[in-house]
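Undergrad: One structure is given below, represented as structure tokens, and several questions about it will come after.
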Amino acid sequence: MSATAEPKARRPMSDDKPVFTDIERAIINRLQYGLPLTLTPYQDVADELGITEQQLLDQLKALLANGTLTRFGPMFHAGEMGGGLTLAAMRIPAEDYDRVTEQVNSFPEVAHNYRREHELNMWFVLATETPEGIADTIARIEALTGYPVYNMPKEQEFHVNLHFEI
């Protein structure tokens, strides 16, 4: 965070659980199933929820601003669009983890970077414009960090259809 950045407002808590308004709960639960493919997707969801489109957009902005949602946007499948997609892992010593995390996250091809309690303790997804871009990105990450990247391309995909009711 820069010296001029405003800290995010904290979500109210009760017994260590976040407190949501009825409309926040309805929006989060509904949008986990995606937006309709229509000319007016936000208006259509707002109509379903009994609010205005502006109320929906304002609530989304607030949920992003306070950290309840860390991201809201489309999910594109790079592999189906002619790009490359893979899961990657690294073995990073604890004393170097923060530095390497910052370096790895600086690549626009990196998404979903998570720390794991495992010998391979950093796991992330790489999505590139071309399948060949995976090897190039891995080589650039290795050169920058000084650590090997283990490429673990998928052999088969399963769709779980997981949703978290609020």
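Undergrad: I'm trying to understand the selection: among the residues of region 89-98, which are over 14 Å from residue 138 (Cβ atoms) and touching a helix residue (DSSP H, G or I) at 6+ places or on another chain (Cβ under 8 Å)?
TA: Matches in region 89-98: 92 only.
Undergrad: Considering 164, 158, which residue is more than 30 Å from residue 17 (Cβ to Cβ) and loosely packed, with under 11 Cβ neighbours inside 10 Å?
TA: Result: 158 is the single residue among 164, 158 that is more than 30 Å from residue 17 (Cβ to Cβ) and loosely packed, with under 11 Cβ neighbours inside 10 Å.
Undergrad: Hey, can you tell me all the residues within region 38-61 that are under 16 Å from residue 21 (Cα atoms) and either outside the structural domain of residue 24 (by TED's automatic domain parsing) or among the charged types (D, E, K, R) (or both)?
TA: Hits for region 38-61 are 58, 61.
Undergrad: Now, a different point. Residue 36 is checked against (1) in a helix (DSSP H, G or I); (2) in contact with an Asp or Glu (Cβ under 7 Å, 6 or more places away or on another chain) and fails just one. What number does that condition carry?
TA: (1)
Undergrad: Residues of region 121-166 being aromatic (Phe, Trp, Tyr), without any contact (Cβ under 8 Å) to a residue 40 or more places away in the chain and assigned by TED's automatic domain parsing to the domain that holds residue 110, which ones?
TA: 123, 124, listed by residue number.
For (1) farther than 29 Å from residue 18 by Cα; (2) of a type in the set (A, V, I, L, M, F, W, C), each residue gets a yes or a no:
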{"position": "85", "(1), (2)": "yes, yes"}
{"position": "91", "(1), (2)": "yes, no"}
{"position": "108", "(1), (2)": "yes, no"}
{"position": "121", "(1), (2)": "no, no"}
{"position": "127", "(1), (2)": "yes, yes"}
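Undergrad: Here's something else I'd like to know. Looking at (1) closer than 24 Å to residue 165 by Cβ; (2) in the same structural domain as residue 122 (by TED's automatic domain parsing); (3) not aromatic (Phe, Trp, Tyr), which is the one condition that is false for residue 98?
TA: For residue 98, the exception is condition (1).
Undergrad: Which numbered condition in (1) small (Gly, Ala, Ser); (2) within 29 Å of residue 133 (Cβ to Cβ); (3) more than 15 Å from the chain's Cα centre (by Cα) is the only one that residue 94 fails?
TA: (2)
Undergrad: Just to be sure I understand the filter: pairs with C-beta atoms under 7 Å, separated by 6 or more residues or on different chains, first member in region 23-48 and of a type in the set (Lys, Arg), second member surrounded by 13 or more Cβ atoms within 10 Å (Cβ to Cβ). Which pairs pass?
TA: Correct list of pairs: 25/166; 30/45; 30/49.
Undergrad: Then there's this: What do you reckon, is residue 44 farther than 22 Å from residue 160 by Cβ, touching a Pro at 6+ places or on another chain (Cβ under 6 Å) and not in a loop (DSSP other than H, G, I, E, B)?
TA: So residue 44 fits the description; yes.
Undergrad: Can you pull out every residue in region 116-129 that is surrounded by 12 or more Cβ atoms within 10 Å (Cβ to Cβ) and farther than 21 Å from residue 72 by Cβ?
TA: Within region 116-129, 120, 121, 122, 123, 126, 128, 129 meet the criteria.
The values are calculated or read from the model by the stated rules, or taken from the named source; none is laboratory data. This is a predicted model, so every value here is computed, not measured. Cβ: placed from backbone, ideal geometry, glycine included. Neighbour counts: every protein chain shown.
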